[in-house]
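Asks: Quick one: this structure, given as structure tokens, is what I'll be asking you about.
Every read-out reported here was derived from the displayed coordinates using simple, explicitly stated rules and does not represent laboratory data. Everything quoted here is computed from the prediction, not taken from an experiment. Ideal geometry is used to build each Cβ from the backbone, glycine not excepted, and the neighbour counts take in all protein chains shown.
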Amino acid sequence: MTIYGNAPILELIRTMAANDRLPHAALLYGEKGRGRKTIARYFAMTALCTGDQAPCGECPSCRKIAQDTAEIHPHPDFIWVEHSGKKQGFSVETVRNICKDAIVAPNDGERKVYLFADCDSMDIRAQNTLLKLTEEPPSHVLLLFTAEHRNAFLTTMLSRMMPLAVRPCTPEECRKALTEDHGIASAEAEKAAAACGGNIGRALAWLSNPEMQALTAAAAEATQAVATRRLYDLLRVLAQFEKDRFKAAELLRLLDLQVRDAMLLKYGMTGLMGCDRNSAEALSGVMTVRRFRALHDAVQEAYEALDANVSVKLVLASLGGSMLT
């Protein structure tokens, strides 16, 4: 199993396994497309490995998990909990069934690993039903959760699990994954990696989605307009999205990453996550700490206004003025 980026998390998992200190519950959180479920599979492989050094990749357990896909789960002790309920989270009934099943001994080895993937829609009742199992699971049980944000969980749930932030890859790692694992041409892979800030899943979606490509191009153009203080050009770009709340919100997310990158570039730091380095560099040339905060605050206020159902046209028009004051 090839995993790009997130070397500190992988090393931590291996070290905990070697010292027989794996947690009984862990949360892998971060933006969709960063590989949360892939790392969860690595976690399960490490926990269930029967080789001398986990994960060995060669034992029957490791080979079964390496063959695991969204549709096929060949290892009987690596259980993907099915989504259920109206919001496709996890219903109370589903959680109760897992609590009952957790008591049963493993089929093949010493552990059973349960994966609750994409938990952002897990409601309070389901979480409360899980509390007891998460706090004091049977010794053979490991619970894994994935979500975009930690705050998808109750504080009582978070206190019972180890949170691990999944970071984006570097653009080079993303390009390598696209070319070597997905057969994408090098030039296209480089464009996608640069546009999606090292998020492999997002880059794959970007390559097949002209709307995403248009959004990243708009974010780059808007960043350049802010850098050169061209209000008309900025308002023209923003106006393209005044009839689509979802796209407007995505544009704001991309703009905030561009502002972040500009600040990093100004001080010679690495870890860029935005969609266009050239416009971020232009912005970094006129960036101060005070202006960085003002731009970030303006984008965040606009995002919150969109979330509060304020008129998209009004929000974007106000943002344009705020970003150039």
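Asks: Give the cross-link partners of K176 among the lysines, using a straight C-alpha distance below 22 Å as the criterion and excluding same-chain residues fewer than 8 apart.
Replies: Leaving aside lysines fewer than 8 places away in the same chain, those within reach of K176 are K32, K37, K191.
Asks: Could you tell me what % of all Cα pairs in segment 1-132 have separations over 21 Å?
Replies: Details: 3711 of 8646 pairs.
Of the Cα pairs, 43 percent sit more than 21 Å apart.
Asks: Continuing with this model, one more query. Please state the shape class of segment 76-146: rounded when a/c is under 1.5, otherwise prolate if a/b exceeds b/c and oblate if not, all from the C-alpha gyration tensor. Write down the numbers at each step before the final one.
Replies: Values: a/c = 2.08, a/b = 1.66, b/c = 1.25.
It comes out prolate by the Cα gyration axes.
Asks: Only loop residues by DSSP count here, and only those with at most 16 other Cβ atoms within 10 Å; note down the trypsin sites (Lys or Arg not before Pro) in segment 160-262 that meet that. Intermediate results must be reported in sequence, preceding the final value.
Replies: Working: sites: R160, R175, K176, K191, R202, R229, R230, R236, K243, R245, K247, R253, R260; in loops: R160, R229, R230, K243.
Qualifying residues, ordered by number: R229, R230, K243.
Asks: Are there any GluC sites (Glu not before Pro) in segment 28-85 that are in a DSSP loop and have at most 13 other Cβ atoms within 10 Å? List them by number. Write down the numbers at each step before the final one.
Replies: Working: sites: E31, E58, E71, E82; in loops: E31, E58, E71, E82.
Counting only loop positions with at most 13 other Cβ atoms within 10 Å, the GluC sites (Glu not before Pro) in segment 28-85 are E58, E71, E82.
Asks: Which values, in whole Å and largest first, are the semi-axes of the equivalent ellipsoid of segment 210-323 obtained as the square root of 5 times each eigenvalue of the Cα gyration tensor? If you can, show how the numbers build up before the last one.
Replies: Details: eigenvalues 93, 42, 33 Å².
Taking √(5λ) for each Cα gyration eigenvalue gives 22, 14, 13 Å.
Asks: Go through segment 256-314 and name the chymotrypsin sites (Phe, Trp or Tyr not before Pro) that are in a DSSP coil and have 12 or fewer other Cβ atoms within 10 Å of their Cβ. Before the final figure, lay out each step's value.
Replies: Details: sites: Y267, F292, Y303; in loops: Y267.
The qualifying sites are Y267.
Asks: On to the next question. Find the relative contact order for segment 264-325 and round it to a whole percent, using C-alpha pairs within less than 8 Å whose residues are 6+ positions apart.
Replies: Details: 23 pairs, mean separation 16.8, N = 62.
With pairs under 8 Å counted, the relative contact order is 27 percent.
Asks: Could you state the number of Å between the C-alpha centres of segment 130-185 and segment 1-79?
Replies: Result: 11 Å between the Cα centres.
Asks: May I pose another question? Rounded, prolate or oblate for segment 107-173? Axes are the square roots of the Cα gyration tensor eigenvalues, ordered a ≥ b ≥ c, and the cut-off for rounded is a/c under 1.5. Numbers along the way, then the final one.
Replies: Values: a/c = 2.28, a/b = 1.25, b/c = 1.83.
Because a/c hits 1.5 or more and a/b fails to exceed b/c, segment 107-173 counts as oblate.
Asks: Would you please classify the overall shape of the chain from the alpha carbon gyration tensor, given that a ≥ b ≥ c denote the square roots of the eigenvalues, rounded means a/c under 1.5, and beyond that prolate means a/b larger than b/c while oblate covers the rest?
Replies: On the way: a/c = 2.39, a/b = 1.77, b/c = 1.35.
Prolate shape, in that a/c is at least 1.5 and a/b is the bigger ratio.
Asks: Still on this structure: Suppose a student asked you for the relative contact order of segment 210-323, using Cα pairs under 8 Å spaced at least 6 residues apart; what percent would you report?
Replies: Values: 142 pairs, mean separation 37.0, N = 114.
Relative contact order comes out at 32 percent.
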